[in-house]
1. For a quick check of your reading of the filter: which trypsin sites (Lys or Arg not before Pro) in the chain sit in a DSSP loop and have no more than 13 other Cβ atoms within 10 Å?
2. Please compute the net charge surrounding CYS27, taking Lys and Arg as +1 and Asp and Glu as -1 over other residues with Cβ under 10 Å from its Cβ.
3. Please work out how much accessible surface ILE87 shows to a 1.4 Å probe, ignoring ligands, DNA and RNA, in Å² rounded to 10.
4. Within 15 Å, Cβ to Cβ, of THR49, how many net charges do the neighbouring residues add up to if Lys/Arg are +1 and Asp/Glu are -1?
5. In the chain, carbon and sulfur make up what percent of the accessible area (probe 1.4 Å)?
6. Pairs of alpha-carbon atoms within less than 8 angstrom and 6+ residues apart define the contacts here; what relative contact order does the chain have, in percent?
7. Between ASP63 and CYS27, take the C-beta separation as r, use R0 = 41 Å, and let me know the FRET efficiency to the nearest 0.05.
8. Any idea of the accessible area per residue across the chain, 1.4 Å probe, to the nearest Å²?
Amino acid sequence: METRLTRRPGQAGTKKFTERYGERLVCVRYRYDAQAGQRYKTVELIVETVPWSRRERRARRRDEEMVALRIGYGETDLRELAKRLGIADRVPPD
């Protein structure tokens, strides 16, 4: 199934859903199923609202942490760049 069109509330094709669902309506999507020869009109709704506060995210790695990098045999330009930067042939600690 393929989604060809997504409409926001207030755009053409959303009037009756906007009237029906009001502020809960997020979008209307038109999906097409080539095998079945069908077009489906779907709606995305807000069904629950709860308080939420953003928490600080941790970085996955430290800036100075080494990571393994595989350079393919044919990537000669990339390999030469790594050598010039001094990062080639380093083995990460166990």
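The values are calculated or read from the model by the stated rules, or taken from the named source; none is laboratory data. Please read these numbers as outputs of a predicted model, since none were measured by experiment. Here Cβ is always computed from backbone atoms with ideal geometry, including for glycine, and neighbour counts include all displayed protein chains. To get the accessible areas, we keep the full protein, side chains included, count just its heavy atoms, and leave off ligands, DNA and RNA. Shrake-Rupley method; radii C 1.70, N 1.55, O 1.52, S 1.80 Å.
1. Details: sites: ARG4, ARG7, LYS15, LYS16, ARG20, ARG24, ARG29, ARG31, ARG39, LYS41, ARG54, ARG55, ARG57, ARG58, ARG60, ARG61, ARG62, ARG70, ARG79, LYS83, ARG84, ARG90; in loops: ARG54, ARG55, ARG57, ARG58, ARG60, ARG61, ARG62, ARG70, ARG90.
When the trypsin sites (Lys or Arg not before Pro) of the chain are filtered for loop state and at most 13 Cβ neighbours within 10 Å, ARG54, ARG55, ARG57, ARG58, ARG60, ARG61, ARG62, ARG70, ARG90 remain.
2. Numbers: positive: ARG7, ARG8, ARG29; negative: GLU44.
Surrounding charge for CYS27 is +2.
3. Surface accessible to solvent at ILE87 totals approximately 90 Å².
4. Working: positive: ARG24; negative: GLU23, GLU44, GLU48.
Local charge sum for THR49: -2.
5. Values: 4300 of 9270 Å².
Carbon plus sulfur share of accessible area: 46 percent.
6. Working: 86 pairs, mean separation 17.7, N = 94.
Result for the chain is 19 percent.
7. Details: r = 39 Å, r/R0 = 0.95.
So, using R0 = 41 Å, E works out to roughly 0.60.
8. Using a 1.4 Å probe on heavy atoms only, each residue of the chain averages 99 Å².
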